[in-house]
């Protein structure tokens, strides 16, 4: 009788530990090449400062859904804040206690890299891979090209969403297959799994508040469900899985309803399908997947040939195809069809269209291609690896390496020597791995493959220095706070990040005086706007302000222009206390007379970079709440919070009160408990008309994220549905489920899918 493919708990835990250690060593190698690799671009300019600000507010007992003083970037219900994601809130809570932001970001990302690696390890196990090959896939995934250079280095929410998605995949297969999982015992290490695990992991992937992982998770679940229908030839397991996934999506809808219902006033307001070429990746670039030196050819910020190996997946991925027993593998196509479907869909997506509504830049899906191919190849190796006819297979592997070289040379002929060296290194590593498999066994061969991951990651990161992505923002919060001016109240900065020269991107240089992106949150200063991919369209147009807080030269004139209906300047309507002008953008501004009601104030240690205007009469942001203009009425602030303004108003003939609040959808106004309407001045500022005859009326202006009631009901319904499915799951387990008497899966007897290390050695000999 053939030996069962079920791994022991000890071996699963041991190789899971090796997976974690492999990821840790790989991170160490990357840090040797660039200590700030995991604190660059959007991580330093958007996410980590957001963690600090959100954490401070959470510690004060507030959920910072709306911060009006942050204006264009202050609606955190539609930013990538993860307000409904518990692990993210924990990260936020810790962040204010850490001054070394580079260290904190790196440690947090390392934790999620381990989560990601173990998730891929789990996927391979549930599809029947040997633990060694599953561990290799788990160690390799964090160091695939796009993940390493974009999602891990910069785009935090994409990275965390992927980390949760892979666990949802593994749990989804386990839930669909139940105790009949690949002939394994129900008490085995990858046996039973109920609906709770599927629901939780899917919800975490969705609620990171970034749409790509949510959509990718949906595609993954559909692919798995279709694959299980093909494999099990019955619709019930797939229907169960889709139902639980639907409940998770229902609960996760609360995360995206505010964005959807606010889209009409944001930069992302139009739902379009555009087939442009920016960050669309030709399918032929997949032929670069195993050559570490590859620099693929497609259009991005850096032209046509990329400076980063973003399509690289794993050095062994393509050559190892020569050592799979494809005859035996074909018999398992039904069982593995879900992996193939997901990979094909992801590969098609990377080629375009360039924009599908909020989904733009298809290259962002490259981690899904890497995930699908890594899982597929490592499962095939873990079940059908062979060294029979090893000479012919070595020739085939050499041909595959040659094809890798040809494709990489075609995309980037300038670095042909590097490609030759990389191809030779692959050949040597591959030969050593085959020799170890034959002489020492599978564990030794896979150990070599795992060890090779770290030096390859080091060389790739070192070769990409200096990184083209870094803002080089200060990583020491305490030092940055000490160097920066003590600006009280609300500050509007008018500057252009592009004017900062590379040598000035230091705390002793521009970053001691200027803020861009969310940097102001690091130093605990209140600045108008910040880093936002979802900016308020009309506010941005008013000040020609861009996603990173940069403005055009005309912004100074616009800020002090008068809004006709109120007779107030824009800065007055915003209740701005200070205007900071970047000298590189406005070199002669301080030589001109200050606008009426303002004065030039010197900050001697910062005059090389900024000129500062402050109000003659002191701070206005603390005088009367967020009331910024009153016409034919009186208005006295009673109380203020981020989402509510309470004001006592009076008007004999009817008047208007304008608030220093951006006109986001979601406001409601009551006067003495009665609903009244409101308007938006200049398509930007919330304004309330006061009825004639009002005397000491209680005006309450309240904002809630659009759709919050529907979102609450959706969460409750999702949890209630989950409880029903969990009850059915527990009730439906067979009495013999815990005895280890599991039946074999239909269509895939365990005896057809066994890869034994000794058999491999014997065949090679």
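Tell me yes or no: at least one residue of the range 682-704 is within 29 Å of the chain's Cα centre (by Cα) and closer than 23 Å to residue 69 by Cα. Yes, some residue in the range 682-704 is within 29 Å of the chain's Cα centre (by Cα) and closer than 23 Å to residue 69 by Cα. Among the residues making up the range 410-421, those that are part of a helix (DSSP H, G or I) and crowded, with 18+ Cβ neighbours inside 10 Å are 411, 415, 418, 419. Only one of the listed residues (573, 613) is within 37 Å of the chain's Cα centre (by Cα) and at pLDDT 95 or above. That residue is 573. Looking at the range 254-277 only, could you name the residues that are outside any strand (DSSP E or B), modelled with pLDDT of 85 or more and within 15 Å of residue 211 (Cβ to Cβ)? Within the range 254-277, 254, 255, 256, 257, 258, 259, 260, 261, 262, 263, 267 meet the criteria. For the range 422-436, does any single residue satisfy the condition of being in a helix (DSSP H, G or I) and in contact with a strand residue (DSSP E or B) (Cβ under 9 Å, 6 or more places away or on another chain)? No: the range 422-436 contains no residue that is in a helix (DSSP H, G or I) and in contact with a strand residue (DSSP E or B) (Cβ under 9 Å, 6 or more places away or on another chain).
Looking across 87, 49, 7, one residue alone is in contact (Cβ under 8 Å) with a residue 12 or more places away in the chain and closer than 21 Å to residue 476 by Cα. It is 49. Within the range 394-412, the set of residues being touching a strand residue (DSSP E or B) at 6+ places or on another chain (Cβ under 9 Å) and modelled with pLDDT of 95 or more is empty.
The residues of the range 318-345 that are under 32 Å from the mean Cα position of the chain (by Cα), under 20 Å from residue 227 (Cα atoms) and in a helix (DSSP H, G or I), listed by number, are 337, 338, 339, 340, 341, 342, 343, 344, 345.
Only residues that are surrounded by 16 or more Cβ atoms within 10 Å (Cβ to Cβ) and in contact (Cβ under 8 Å) with a residue 60 or more places away in the chain were counted in the range 550-569, giving 6.
May I ask you to verify whether residue 83 is modelled with pLDDT of 95 or more, surrounded by fewer than 24 Cβ atoms within 10 Å (Cβ to Cβ) and over 17 Å from residue 115 (Cβ atoms)? Yes: the conditions hold for residue 83.
Per-residue answers, yes or no, for (1) assigned to a loop (DSSP other than H, G, I, E, B); (2) at pLDDT below 95; (3) touching a strand residue (DSSP E or B) at 6+ places or on another chain (Cβ under 6 Å):
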| site | (1), (2), (3) |
| --- | --- |
| 2 | yes, yes, no |
| 5 | yes, yes, no |
| 24 | no, no, no |
| 30 | no, no, no |
| 35 | yes, no, no |
| 38 | yes, no, no |
| 46 | no, no, no |
| 57 | no, no, no |
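The set of residues in the range 346-372 that are within 24 Å of residue 137 (Cβ to Cβ) and over 20 Å from the mean Cα position of the chain (by Cα) contains only 348. On the stretch given as the range 572-607, residues that are closer than 26 Å to residue 682 by Cβ and in contact (Cβ under 8 Å) with a residue 60 or more places away in the chain total 12.
For every residue, the table says whether it meets (1) closer than 17 Å to residue 345 by Cα; (2) within 16 Å of the chain's Cα centre (by Cα).
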residue	(1), (2)
201	no, yes
209	no, yes
213	yes, yes
217	yes, yes
221	yes, no
228	yes, no
235	no, no
246	no, no
249	no, no
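Just so you know, in the range 616-638 the residues that are more than 39 Å from the chain's Cα centre (by Cα) and assigned to a loop (DSSP other than H, G, I, E, B) include one that is surrounded by the most Cβ atoms within 10 Å (Cβ to Cβ), and it is 633. Listed conditions (1) touching a helix residue (DSSP H, G or I) at 6+ places or on another chain (Cβ under 6 Å); (2) surrounded by 21 or more Cβ atoms within 10 Å (Cβ to Cβ) are all met by residue 462, apart from (2). Taken together, the residues in the range 361-386 that are buried (at least 19 other Cβ atoms within 10 Å of the Cβ) and within 16 Å of residue 215 (Cβ to Cβ) amount to 10.
The values are calculated or read from the model by the stated rules, or taken from the named source; none is laboratory data. Please read these numbers as outputs of a predicted model, since none were measured by experiment. Positions of Cβ are generated from backbone atoms using ideal geometry, with glycine treated the same way; all protein chains shown enter the neighbour counts.
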